[in-house]
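> I have a structure I would like to understand better, so I am pasting it below and will then ask my questions one at a time.
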Amino acid sequence: MENGASDNKDPSGFLSEIIGAPVTVKLNSSVVYKGLLASVDGYMNIALEKTEEYVDGELRRSYGDAFVRGNNVLYIAAD
Amino acid sequence: MENGASDNKDPSGFLSEIIGAPVTVKLNSSVVYKGLLASVDGYMNIALEKTEEYVDGELRRSYGDAFVRGNNVLYIAAD
Amino acid sequence: MENGASDNKDPSGFLSEIIGAPVTVKLNSSVVYKGLLASVDGYMNIALEKTEEYVDGELRRSYGDAFVRGNNVLYIAAD
Amino acid sequence: MENGASDNKDPSGFLSEIIGAPVTVKLNSSVVYKGLLASVDGYMNIALEKTEEYVDGELRRSYGDAFVRGNNVLYIAAD
Amino acid sequence: MENGASDNKDPSGFLSEIIGAPVTVKLNSSVVYKGLLASVDGYMNIALEKTEEYVDGELRRSYGDAFVRGNNVLYIAAD
Amino acid sequence: MENGASDNKDPSGFLSEIIGAPVTVKLNSSVVYKGLLASVDGYMNIALEKTEEYVDGELRRSYGDAFVRGNNVLYIAAD
Amino acid sequence: MENGASDNKDPSGFLSEIIGAPVTVKLNSSVVYKGLLASVDGYMNIALEKTEEYVDGELRRSYGDAFVRGNNVLYIAAD
């Protein structure tokens, strides 16, 4: 992370640093979405662009824009 | 997305851009609804028009207007 | 919907348009309630009149007034 | 309901009309409680008097006063 | 209940009437706690004194003071 | 409890009386944590010191400080 | 903990003391994440750096930065 832990941002602050970047979003159900992080809010509701859906590592579907509801999100990792 | 990630809208802001557009709504239970996105709020409660219900890819039922409660929504994708 | 998607109501706004109308309410458990929509609030807590309970498509029980807690609601469809 | 759907009460408003009346409360677990509705709040937390607990239609237990937490409630029906 | 349903207390109000009294607390998991109701809040978080834990009707454990988190509570009944 | 039920503290008030004391924390998953209660908040988020993790009564792991999220907590009992 | 239980911080206060330190984060699903605690908020949403994902004790994956949603977190332990 740019400023690293020394900065006293909350997690949403760190997330805003990777807006526009490629991310991996894992859901509680283990389904994975990859895409460009267009936007995220305090509930980790996520707007992705160029979205791909992976199930057990296999590409299942591609979308343009997709909005994933935060309560289903396990983690968001910067690729 | 029109303005893309450079814009600092939150996800609801992006969602409002596709009001009136055809969308695919996937629920946590994997049931899929297709229809015109009439309205969405911060909880991702959704009002759809010309709604179709798909289970395992098969059309099960058609409604006029339907209101889907946000906590059941996994994602909303612009068709 | 009367004004259709062009209107910028949130879903509760749309729901208020069908107060008094016959509706189908599907729960997460797939149980279905049919009745007249007497009232609904922001949590999709619902007050129904002349309520019928259907399980697997079969009429199980009839009530006068019934109040269904919103968190159990999957969708509300205008009949 | 006394005023019927024409009234623009929210569901809690309708519930307050049946305070003191005999009700049936079904929980998500399908356990049913019958009793006099002493009080209910916005979360559908319920205070019942002369409470009876039914499991699979059989009377299991009787209590005087019982307080049922709203998140477990599926519906409340006026007997 | 002392004032009965005619009083327009919410359920927490009724609960406060039985502070200090012996109660039975049933959890969603069917585990039962018996003890003196020392305190309860709006979430039905509970402080019990002389607490006993029953599983399938059998006494499993005794505690002095115990604090039970409200979201696990199914009901509280005055013994 | 020091002042007992006559005091009108809410459960958090009672919990603050046992700060620094040895406690047993049982989770919804039946995993048990024992340690010194360093801190607790209104959600029953807990900070423990000298923490031990027990599964089915067997010591599995020891930590220094551990922070347990409140929604997983079933109860906290003063040892 | 530096000041120990005598301090009347809430758990988030204690967590802020270990910002930058190596931690172990266990999820409800028993998946474990190890990394440097970059940031944490009141919901226990967590930003980690140099993140490693362990399943059944085995290293599965390494990330740079990862953001774990609080509702999935069972505990955070300072290594």
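Every read-out reported here was derived from the displayed coordinates using simple, explicitly stated rules and does not represent laboratory data. Because the structure is predicted, anything quoted here is derived from the model rather than measured. Virtual Cβ from ideal backbone geometry, glycine too; neighbours counted across all protein chains shown.
> Separation between the A:S16 and D:S16 pseudo-spin-labels, each 7 Å from Cα along Cα→Cβ, expressed in nm?
Inter-label distance under the simple model: 4.1 nm.
> In nanometres, what is the gap between the two model label sites at E:D56 and C:R61, each 7 Å from Cα along Cα-to-Cβ?
For E:D56 paired with C:R61, the spin-label model returns 2.9 nm.
> Looking at B:A78, B:M44, B:N28, which one has the Cα that reaches farthest to the positive end of the dipole of chain B (charges on Cβ: Lys, Arg +1; Asp, Glu -1)?
B:N28
> How big is the protein assembly as shown in terms of Cα radius of gyration and Dmax, in angstroms?
When restricted to Cα atoms, the protein assembly as shown yields Rg and Dmax of 24.8, 64 Å.
> Moving on to the next point. Kirkwood hydrodynamic radius, chain E, all distinct C-alpha pairs: what's the number in Å?
Hydrodynamic radius (Kirkwood, Cα only) of chain E equals 12.8 Å.
> Continuing with this model, one more query. Give the average, rounded to an integer, of partner chain Cβ atoms located within 10 angstrom of each Cβ in F:43-55.
Mean number of neighbouring Cβ atoms from other chains: 4.
> Size of region G:29-75 along its principal axes in angstrom, Cα-based, largest extent first?
Projected onto its principal axes, the Cα set of region G:29-75 covers 30, 22, 11 Å.
> Could I ask something else about it? Would you calculate a helix-derived [θ] at 222 nm for the protein assembly as shown, using -39,500 (n - 2.57) for each DSSP H run of n ≥ 4 and dividing by the full residue count, to the nearest 500?
Helices in the protein assembly as shown give a 222 nm mean residue ellipticity of -2000 deg cm²/dmol.
> Sticking with this one: Under 22 Å Cα-Cα from F:K26, which lysines qualify once same-chain neighbours fewer than 8 residues away are excluded?
Here the lysines satisfying the reach criterion relative to F:K26 are E:K26, E:K34, E:K50, F:K34, F:K50, G:K26.
> So, one more: With charges only on Cβ, +1 for K and R and -1 for D and E, what is the dipole size of chain G about its Cα centre, in debye, rounded to 20?
Here chain G has a charge dipole of around 220 debye.
> Looking only at other chains, what is the average number of their beta-carbon atoms within 10 angstrom of each beta-carbon in F:9-16? Mind showing how you got there, number by number?
Working: counts 4, 7, 14, 5, 4, 10, 5, 1.
Mean number of neighbouring Cβ atoms from other chains: 6.
> Estimate the FRET efficiency between B:D79 and G:S30 by the formula 1/(1 + (r/R0)^6), using the beta-carbon distance for r and 35 Å for R0, to the nearest 0.05.
Details: r = 38 Å, r/R0 = 1.08.
Computed FRET efficiency for B:D79 and G:S30: 0.40.
> Work out the mean other chain Cβ neighbour count within 10 Å for the residues of A:19-30 and drop it here as an integer.
3
> Rounded to whole angstrom, how close does the nearest chain F beta-carbon get to the axis mapping F onto E, and which residue is it?
Closest Cβ on chain F to the axis mapping it onto E, in Å: F:N71, 8.
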